[in-house]
Structures are given as structure tokens and as C-alpha cells.
Amino acid sequence: MHDLKNRGSLEAITGKWRNGRTMMLLALFVMGVVFYLSAYGLGAHYLPSSVPVHHDDYSNYGSGGNAWNWVWIRPFSTLLIQALAQMGPEWLIWSIRLLSVAFVLLNWKLLCEVIRPVNYWIALLLFAVLCFATPVIAEYARYTGMITHMLSGCFGVAAAWALLREVTRPGGGALQLSLVLLVLSVLAKEDFVVLYAVTAAYAVLQARGQRKRLIAWSGIALVISGLLIAGAKFMAASSFLGMSDTAAPYFIDATPTGIAHTIWRYLLGGGHPALGQHGRTIGTLFVFVLVSTLVLVLRTRSVPKTAYLLAAMLSVMLPYSVLPNHVNAYYELIWLPLLMGACYAALSELLQAFTSASDRSTKIFATSIFLVLAILVSLLDLSGRNSIASWYDEVGVSNRQVLAALASQKDQINHAGKACVSGADAFSPWYMHGGSYLDHVMGLHATWYVLADPASPVYAGLVSGAASSAGKTIVVETSLGMPMDCVAIHLEALK
């Protein structure tokens, strides 16, 4: 009889696990569909591709030919990019798309631990629409540079989720899991340590009997993460972690006014021309959440769930808000899901605080407002998504023509071992790039003589690329500097 009871308990646990796994996969599929429609189906004119656009696309795709060496600066991201690049460009870019979808899903799971929505699948769908409607989603479908913060974000948000799981379901190993996840997040990028600290503080406030365990395990995780970050900063001299030069891209301004100013710049779209209307909408939502948090604190005399989600959002923004010279609009996706979650919580908690409505009724109301908001945001952001997607697709088409022209002369180039190029622009394989893409991805093994006018705006970038090419690229200022026996390639004829 005892064995039968144990077997029944095991089957129940296994059944719950399988059901949970099925729900996760279904949720991932739903969010994947929304992501695809937002990035391609409702704006772009071209199907997904792995054609490089930016100089770091060329570098990332070409990293598959690099020697396997451990690096102390973002080692997990670096090694993953290299491994995926060895498998092929499609593997790398599709992994970034999948990470972007998984990141928003993990934010949804975190929200569900804080405030459990009713009408689960409807709320999930609306949450996905609101997160993926942002114009910058077009970049997450096309730009390989997103991999570091998306990889770090998936592990970082999962670590925060594991902490909250320990509060609601103690003793299941979630604390140990959160430590491992946070370390992996830091090894990918340094962005989500503050989120973990904020979540740990909130978890301790919500917990009852396991506060000492929470403090101990989260403290150990934060100490280990701090040591890893310090090692990258002081031992490996990472330029990503701040410079003293006020003109440097990673200059740190940690003053309250500087941080507030940079946060507001991000909320308003980071100065991106395609995010004007979108920024005004996001700024308005942030003000609504901020005011709602203050009202709820005064009304309830406690820490509302909205306050945690707002603090979590600001904690994710913090590493970027201290870098006033490095404001990139595409970082929005890392904190946008938390803002949308805070909006949902605020709507629900305000109704609970000022009416006698049931918990279910307040959440149905929040979901209904989410529906209206999702429709409005999708319509308002459509032109912005179209603009960014069209730019990427147009540059992608141009680069595809350039790469096709090089591929068509592959035998001649490899036989001669020299190629003379004119008409290279800022999106060509030689701009701020050492040429590993041409060598390792396309199989073009040559010394490249790139013609560039010193007065041209692309000259400095081409010189920078040549400097990192180990002599494989040579920038010449006149055609007289080109060897007579090279294969001539005139890229201007393709434009």
C-alpha cells in the first residue's frame, strides 16, 4: 500500500511537470507567432535572412573561425556566439530571435509569480502584443548584436523568477537554481545583477519562515556576481564597465540628475527618429505607473506589487542609465516587459484599493484595459516598425548584392590571392571589421586592397578594419596603390 501511495505521488508530480512543460512550449509558440508577425508579417517586405548589416554582424558571423580561447569579458556570450557561428549564420541569427521570444516569456512568468492574471491565455497574448509592438523589435529579428543582453536577460529574469518561486513554493531547490542562473547571466553580460538584488529584497519582505535562507543564498549569489564583475573591470580591463573620459562611450555619470535624465531619454525613445510617438506613449505609461505606485503606498501603507515591478524595471534600466554617451534605443526591450507588467498590476491594485470588487473582477478589468492598450500601441507603432524594418531590409538587399558579386568571383579571387575593391561603404565587409566573415564564412582567402578617399566619412572605419585584419586588408588612397595583378571589384556599379 505504501508503494502504491508513493507511486501515485510520483505520477502526480510527473503529470504536473509534463503539464507545465506543455504550457511553457505552447506559451513560447504563441509569443513566437506574435514576434514573427510584429517583426516581419506586419511591416517588413522580406523574409528572415542572415545577411549581415552592421560591422559587428560580420564579426559575429565570422567568429566561427576563431581559435577557442577563454576570455574574462563576457565569456559565456563570446563562446556561445563562436559556437553558433561555427554551425552557420542561420543558427546564430535564429538563436537571437528565439532568445528574444524566451526573454519576454520569462518576464511573463515573473509577472505571474507576482500577480496571477485571470484569463491566462488572453492576458499572455495581450502581454506579447504590447511587448513586441515596439518598433525596435525589427532589430531583434535582424541584428546579431542583441545576443549578449538577451542571453544575460534570459538567465537574469529566470534567476529573479526562481527567487519568487522559493517564496510561494519553498524547499524545491529554487534558491540554488537562482544562484546558478545569476552567475550565468553575469558571465553573459553584467546587466541583471541589480534586478536580482531588488527581487531578493522583495522576496524577503514577502517570505515568512525562510527569510534567513533567502538572505544567505541571494547574498552568496550577489557576492559571486560582484567578484566576477570586478574581475572583468579590474583584471581584464573591460571597457564596457565605465571610463573616466567624459567623451568616451562608456563614461559613467552616476549622479541622480544624470541617471534621471538618461532614464527619461530612454523612455522617450532614446532619440531614435522612428520612436517619437512610441516614446510619448511609453513615457505616459511610466508616469501612470509611478503615480499609481505612490497612491497605492499612501493608500495601503504597504509595499504594493506594482512597486516591486516598477523597481524591477528601473533596476534593469540602471546599468544603461549611468551611461549618458551610450544611449541606444534598441535596449528598450530589456525593460519594456516589466513596465507592461507594472501597468497590469497597477490597474488591478488600484481597483482593489478603491472599490470592493473581487480579485477576479479587478484582474478582468486590467485585462480589458490591456486589450484596448494593445490595439492602440500596435496601431501607433506600426509606422515605426515599418521604418526600422525597411531600413534593415534595404541595407540587407544591398549587402546581399555585394556578397553575391564577391562569391561569383570566388575562384578568381582565391587563385590570385589579391582583390582590389572600390566603392566600399559603411556596411561593407571591411568597415570596422578585420575580414573574418570573408575568410571563414565565404571562403574568400585574399589580401584586400580597399580604395578610400581620406576625406570620405567611411575612411576612418575602413582604416580601423584594416588595423584589425592582421595585414589581410590594406587601405589605399589612390588606384596607384593597387597591385596590377589583383581581381578588380567595383562595388559602386551595384548601387
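The values are calculated or read from the model by the stated rules, or taken from the named source; none is laboratory data. Everything numeric here is computed off the predicted structure, so don't read it as measured data. Here the Cβ is made from the backbone with ideal geometry for all residues, glycine too, and neighbour counts use every protein chain on show. Heavy atoms of the whole protein, side chains included, go into the accessibility calculation; ligands, DNA and RNA do not. Shrake-Rupley method; radii C 1.70, N 1.55, O 1.52, S 1.80 Å.
Only one of (1) open to solvent by less than 20 Å² (accessible area, probe 1.4 Å); (2) of a type in the set (Ser, Thr, Tyr); (3) not in a helix (DSSP H, G or I) fails for TYR320. Which number is that?
Failed condition: (3).
Name every residue in region 107-162 that is farther than 17 Å from MET317 by Cα, of a type in the set (Ser, Thr, Tyr) and open to solvent by less than 10 Å² (accessible area, probe 1.4 Å), in order of residue number.
Once the filter is applied, which keeps residues that are farther than 17 Å from MET317 by Cα, of a type in the set (Ser, Thr, Tyr) and open to solvent by less than 10 Å² (accessible area, probe 1.4 Å), region 107-162 yields TYR140, THR144.
What about LEU376, is it in contact with a His (Cβ under 9 Å, 6 or more places away or on another chain), modelled with pLDDT of 90 or more, surrounded by fewer than 19 Cβ atoms within 10 Å (Cβ to Cβ) and not hydroxyl-bearing (Ser, Thr, Tyr)?
Details: in contact with a His (Cβ under 9 Å, 6 or more places away or on another chain): no; modelled with pLDDT of 90 or more: yes; surrounded by fewer than 19 Cβ atoms within 10 Å (Cβ to Cβ): yes; not hydroxyl-bearing (Ser, Thr, Tyr): yes.
Criteria not met by LEU376.
So which residues in region 325-380 are in contact with a Gly (Cβ under 6 Å, 6 or more places away or on another chain) and not in a helix (DSSP H, G or I)? Steps first, answer last, please.
Within region 325-380, the first condition is being in contact with a Gly (Cβ under 6 Å, 6 or more places away or on another chain), and the residues that meet it are 327, 329, 334.
Passing the criteria: only VAL327.
Mind telling me which of the residues ALA133, ALA123, ALA200 ends up being within 25 Å of the chain's Cα centre (by Cα), within 28 Å of TRP91 (Cβ to Cβ) and among the aliphatic types (A, V, I, L, M)? Give the steps one after another, and end with the answer.
Values: ALA123 fails: within 28 Å of TRP91 (Cβ to Cβ); ALA200 fails: within 28 Å of TRP91 (Cβ to Cβ).
Among ALA133, ALA123, ALA200, only ALA133 is within 25 Å of the chain's Cα centre (by Cα), within 28 Å of TRP91 (Cβ to Cβ) and among the aliphatic types (A, V, I, L, M).
For every residue, the table says whether it meets (1) surrounded by fewer than 19 Cβ atoms within 10 Å (Cβ to Cβ); (2) part of a loop (DSSP other than H, G, I, E, B); (3) at pLDDT below 95; (4) within 27 Å of the chain's Cα centre (by Cα).
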| residue | (1), (2), (3), (4) |
| --- | --- |
| HIS433 | no, yes, yes, yes |
| TYR437 | no, no, no, yes |
| LEU444 | no, yes, no, no |
| TYR449 | no, no, no, no |
| GLY461 | no, no, no, yes |
| ALA466 | no, no, no, no |
| LEU480 | yes, no, yes, no |
| ASP485 | yes, yes, yes, no |
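Given the options SER428, SER390, SER398, name the one that is assigned to a loop (DSSP other than H, G, I, E, B) and open to solvent by less than 40 Å² (accessible area, probe 1.4 Å).
Details: SER390 fails: assigned to a loop (DSSP other than H, G, I, E, B); SER398 fails: assigned to a loop (DSSP other than H, G, I, E, B).
Step by step, each of SER428, SER390, SER398 is checked, and only SER428 is assigned to a loop (DSSP other than H, G, I, E, B) and open to solvent by less than 40 Å² (accessible area, probe 1.4 Å).
Against the definition (crowded, with 20+ Cβ neighbours inside 10 Å, in contact (Cβ under 8 Å) with a residue 40 or more places away in the chain and more than 19 Å from THR367 (Cβ to Cβ)), how does ALA312 come out, yes or no?
Values: crowded, with 20+ Cβ neighbours inside 10 Å: yes; in contact (Cβ under 8 Å) with a residue 40 or more places away in the chain: yes; more than 19 Å from THR367 (Cβ to Cβ): yes.
Spelling it out, ALA312 is indeed crowded, with 20+ Cβ neighbours inside 10 Å, in contact (Cβ under 8 Å) with a residue 40 or more places away in the chain and more than 19 Å from THR367 (Cβ to Cβ).
Restricting the search to region 260-287, which residues are buried (at least 16 other Cβ atoms within 10 Å of the Cβ) and of a type in the set (A, V, I, L, M, F, W, C)? Spell out the reasoning first.
If we filter region 260-287 for residues that are buried (at least 16 other Cβ atoms within 10 Å of the Cβ), which is where we start, we get 262-263, 265-270, 272, 274-275, 278-279, 281-282, 285-286.
Hits for region 260-287 are ILE263, LEU267, LEU268, ALA274, LEU275, ILE282, LEU285, PHE286.
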